[in-house]
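Participant: First the structure, which I've put down as structure tokens, then a few questions once you've had a look.
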Amino acid sequence: MPNEWWRDAVIYQVYPRSFADSDGDGMGDLPGITGRLPHLKQLGIDAVWLSPFYPSPQHDAGYDVADYRSVDPRFGYLGDADKLVTEAHHLGLKFIVDLVPNHTSSEHAWFQAALAASPGSPERERYIFRDGRGDQPPNSWTSMFGGSAWERVPDGQWYLHLFDVSQPDLNWGNPEVRAEFTGILRFWLDRGVDGFRVDVAHGLIKEATLAEWTQPSAILGGLDPVGPRPPMWDQDGVHEIYQEWRAVLNEYEPARILVAEAWVAPADRLARYVRPDEMHQAFNFEYLEAPWRAADLRKVISSTLAANDSVGAPTTWVLSNHDVVRHASRLGYPAGTRRMNGIGADDPQPDAGLGLRRARAATLQMLALPGSVYLYQGEELGLPEHTTMPDEVREDPAWKRSGHTERGRDGCRVPIPWEADAPSYGFGPSDASWLPQPATWAEFALDRQAGVPGSTWELYRRALSLRNEHGLGRGTLTWQETSSDVLAFRNGDVLVLSNLGKSLVALPAGARVLLTSEPLDADGRLPGDVTVWAVV
Ligand code: NOJ
């Protein structure tokens, strides 16, 4: 299946606001990304996924789309998007864009028309408008960002928004909505993109009666593999939408892909999104959320591999993205502490050294697993979360909507450092940066790490190159029996040992070390929080 490039692809997430700023306004842009693509080629990735760059009032950093067929002037023009895709292809990289089908921006022409129209009109039928219960909203659903999921309009009706008030949910029971989105797919496919990351893929269909649900929502999905299924998530009706989209993608050559952002558990329930006639991949958030303990990791790796195998889909692996605390900081808390988003200066701070050490060990673990991997910009530099950001500069709508109880996701979205001694660390030509960069970030800059043995950047490069050479993405995992604090598996000719305990672990006799996340001890033993790849 040489055409099925996604099965073992390493896909790198670019967050356009924070990758590279070509014009010095403090906001990243498409020409900035194009200029830095050679960096990604050097890193050794296979594909780029670009978070939304469409016209948007940016109330949720672009996940509030006002026009699905254009580019926000903050980021450039349609021609810049075309250039970016062409240049990526020229470098041999695939290019995936973000599709946001659950909701539009309230500034989208459809929603403006719905507001101007009357209850029961075809314009309102594109969204989920309902009458209230007296003065109360139609039901007690809450928004993922806090507060009610309903907003009242002047004529008394209410509309549903599972996210910000500026993100009205579309009515996917309406054929006009479905037709519009297949049109949007074709628009970008015809421009040459290689696929779509589908935002909130588990949310498009709501239970028909909008049944009561009083439990609070976590900021993002929150995986609850045991409780009853909430009426707004993972309804069976979503699958027919993805079957229709798959049929559209199948018309294109070479292969294009769909990847589901679906906070769904357990793994066999999530695997329904990647059946042969639906999506190609789904993010493995159970893996991202697993505590730093060998038994937990082994369990989630086994169950997600088994679930995906049962439908013939590759398993994906991810440790960081723009919605969660970067893993170099998340892992700096005691194992078992749940720190997914929102750390402020007055919160307990992570142990930075431990966090980075574990992050490097976790990354080596992940890059040796069979399947496809998602990396988030900056993790290849070992970037931590900004955990002391002043509250006044926070932009995540969760901060305001939660009544300042959820700090939100700004800490993982800070513009990344390229050059230690340049203004904005080389993010752009000026010192402007839409979120402040910590004063300590010079040490993480790319130019301080490139060519430096042992740097996180060089660790990623070497690991990606070895992953390729040993065919790890297409391999098969076999667990090795070992002590309970060690995660040990084989993939092809590579033995992977990850020591999550404190005692030193001896390598098998004759092991030839390929790569370690930190040096072995003087006797060649594996210290705690270190991963090794070896050939035995
Ligand atoms: C998931 C996206 O990753 C997140 O950033 C966004 O806030 C929500 N979906 C709503 O679109």
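The values are calculated or read from the model by the stated rules, or taken from the named source; none is laboratory data. Computed from a prediction, not measured in an experiment: that's the story for all the values here. Please note: Cβ atoms are built from the backbone with ideal geometry, for glycine as well, and neighbour counts cover all protein chains shown.
Participant: Which residues, counting only those in the stretch 409-426, are without any contact (Cβ under 8 Å) to a residue 60 or more places away in the chain, in a helix (DSSP H, G or I) and buried (at least 21 other Cβ atoms within 10 Å of the Cβ)?
Facilitator: Once the filter is applied, which keeps residues that are without any contact (Cβ under 8 Å) to a residue 60 or more places away in the chain, in a helix (DSSP H, G or I) and buried (at least 21 other Cβ atoms within 10 Å of the Cβ), the stretch 409-426 yields 410, 425.
Participant: Next question. Within the stretch 340-349, identify whether any single residue is in a loop (DSSP other than H, G, I, E, B), among the charged types (D, E, K, R) and closer than 15 Å to residue 286 by Cβ, and answer yes or no.
Facilitator: Checking the stretch 340-349: not a single residue is in a loop (DSSP other than H, G, I, E, B), among the charged types (D, E, K, R) and closer than 15 Å to residue 286 by Cβ.
Participant: Within the stretch 35-79, track down each residue that is among the aromatic types (Phe, Trp, Tyr) and in contact with a Lys or Arg (Cβ under 7 Å, 6 or more places away or on another chain).
Facilitator: 49 - this is the single residue of the stretch 35-79 that is among the aromatic types (Phe, Trp, Tyr) and in contact with a Lys or Arg (Cβ under 7 Å, 6 or more places away or on another chain).
Participant: A further question follows. Within the stretch 292-312, is there a residue that is within 16 Å of the ligand (Cβ to nearest atom) and either closer than 15 Å to residue 362 by Cα or among the charged types (D, E, K, R) (or both)?
Facilitator: No.
Participant: Just give me the residues in the stretch 44-63 being on the phi > 0 side of the Ramachandran plot and either in contact with a helix residue (DSSP H, G or I) (Cβ under 8 Å, 6 or more places away or on another chain) or more than 12 Å from the ligand (Cβ to nearest atom) (or both), in sequence order.
Facilitator: 44, 61, 62
Participant: Considering only the stretch 318-331, state which residues are in contact (Cβ under 8 Å) with a residue 40 or more places away in the chain, buried (at least 21 other Cβ atoms within 10 Å of the Cβ) and either in a loop (DSSP other than H, G, I, E, B) or acidic (Asp, Glu) (or both).
Facilitator: 319, 320, 321, 323, 324, 325, 326
Participant: Moving on. How about the stretch 334-351: which of its residues are farther than 19 Å from residue 410 by Cβ and modelled with pLDDT of 90 or more?
Facilitator: 351
Participant: Follow-up question, since we're still on this one. Which residue out of 148, 140 is more than 16 Å from the ligand (Cβ to nearest atom) and under 23 Å from residue 65 (Cα atoms)?
Facilitator: Working: 140 fails: under 23 Å from residue 65 (Cα atoms).
When all the criteria are applied, what remains is 148.
Participant: Taking into account only those residues within the stretch 14-39 that are away from the ligand (no atom under 16 Å from the Cβ) and in contact with a Phe, Trp or Tyr (Cβ under 6 Å, 6 or more places away or on another chain), which is nearest to residue 456 (Cα to Cα)?
Facilitator: If we take residues in the stretch 14-39 being away from the ligand (no atom under 16 Å from the Cβ) and in contact with a Phe, Trp or Tyr (Cβ under 6 Å, 6 or more places away or on another chain), then 33 is nearest to residue 456 (Cα to Cα).
Participant: Next question. I need the full set of residues from the stretch 84-98 which are under 13 Å from residue 191 (Cβ atoms) and surrounded by 16 or more Cβ atoms within 10 Å (Cβ to Cβ), in order please.
Facilitator: Correct list: 84, 85, 88, 95, 96, 97.
Participant: Could you identify the single residue in 250, 284 that is modelled with pLDDT of 95 or more, in contact with a strand residue (DSSP E or B) (Cβ under 7 Å, 6 or more places away or on another chain) and not hydrophobic (A, V, I, L, M, F, W, C)?
Facilitator: Details: 250 fails: in contact with a strand residue (DSSP E or B) (Cβ under 7 Å, 6 or more places away or on another chain).
284 is the lone residue from the list that is modelled with pLDDT of 95 or more, in contact with a strand residue (DSSP E or B) (Cβ under 7 Å, 6 or more places away or on another chain) and not hydrophobic (A, V, I, L, M, F, W, C).
Participant: Filter the stretch 116-132 down to the residues that are surrounded by fewer than 18 Cβ atoms within 10 Å (Cβ to Cβ) and either outside any loop (DSSP other than H, G, I, E, B) or on the phi > 0 side of the Ramachandran plot (or both) and list them by number.
Facilitator: 116, 120, 125, 130
Participant: Can residue 68 be described as of a type in the set (Ser, Thr, Tyr), at pLDDT 95 or above and within 14 Å of the ligand (Cβ to nearest atom)?
Facilitator: Numbers: of a type in the set (Ser, Thr, Tyr): yes; at pLDDT 95 or above: yes; within 14 Å of the ligand (Cβ to nearest atom): yes.
Spelling it out, residue 68 is indeed of a type in the set (Ser, Thr, Tyr), at pLDDT 95 or above and within 14 Å of the ligand (Cβ to nearest atom).
Participant: Consider residue 164 carefully, then state whether it is in contact (Cβ under 8 Å) with a residue 24 or more places away in the chain, surrounded by fewer than 19 Cβ atoms within 10 Å (Cβ to Cβ), not hydroxyl-bearing (Ser, Thr, Tyr) and not in a helix (DSSP H, G or I). Lay out the reasoning, then the answer.
Facilitator: Working: in contact (Cβ under 8 Å) with a residue 24 or more places away in the chain: yes; surrounded by fewer than 19 Cβ atoms within 10 Å (Cβ to Cβ): no; not hydroxyl-bearing (Ser, Thr, Tyr): yes; not in a helix (DSSP H, G or I): yes.
Answer is no for this residue.
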